[in-house]
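J.: I am attaching a structure below and will ask some questions about it afterwards.
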Amino acid sequence: MSDGRNLEFGDQVLVFSVAIAIYISFNTLGFTPMAGFLFQFALIAALPAIFVGGAAAFFWREIGRPWLFVILALVVLYAVYVAIFYLLPSQAMGYTVIETGLTVGGAKNYDVATHEGELNPSFMGQYVWQLLLFTVLAIPVLWFLLKFFVGKTP
């Protein structure tokens, strides 16, 4: 039973399982391409927060001032994130939302296409190097911040 200060291992597995289920459902259960496109955009925008949330969930009990850690880690990781996207700009790819003419449950269905005509492109594909570099840099940054905050008394 958790005392409210950290997630037990079973809870961590449950959170991870739910995240995987959401990802799989967007890819296999027939959600519209527009929903998949928006999911990829949200994942890109929230990646630093996901990393900080994961680190905080695993080390919550050991962190001396957990909310200060979360706020500082978010600021630092988003600063690193912005710097990476600024220093390594990707080739801008234009996107167009087109109406397919089909309806799903009474609502219009939309597709996403590039200006070159590629239908339902991967939004994350054009940012793969930035995302990989951020992941490589975020792990040591989080390790350093955890090393600083773990064991500190509030």
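J.: Consider only pairs whose beta carbons are under 7 Å apart and that are at least six residues apart or on different chains; among these, list those whose first residue lies in the range 114-139 and is modelled with pLDDT under 70 and whose second residue is in a loop (DSSP other than H, G, I, E, B) and not aromatic (Phe, Trp, Tyr).
T.: What qualifies is Thr114/Met93; Thr114/Gly94; Thr114/Pro121; His115/Gly94.
J.: Please verify whether the range 86-102 includes one or more residues that are touching a helix residue (DSSP H, G or I) at 6+ places or on another chain (Cβ under 8 Å), modelled with pLDDT of 90 or more and in a helix (DSSP H, G or I).
T.: The answer is no, given that none of the residues of the range 86-102 is touching a helix residue (DSSP H, G or I) at 6+ places or on another chain (Cβ under 8 Å), modelled with pLDDT of 90 or more and in a helix (DSSP H, G or I).
J.: Modelled with pLDDT of 90 or more and surrounded by 10 or more Cβ atoms within 10 Å (Cβ to Cβ), is that true of Val18?
T.: no
The values are calculated or read from the model by the stated rules, or taken from the named source; none is laboratory data. In this text the structure is predicted, and so the values were computed from the model without any measurement. Cβ sites come from the backbone with ideal geometry, for glycine too, and all protein chains shown count toward neighbours.
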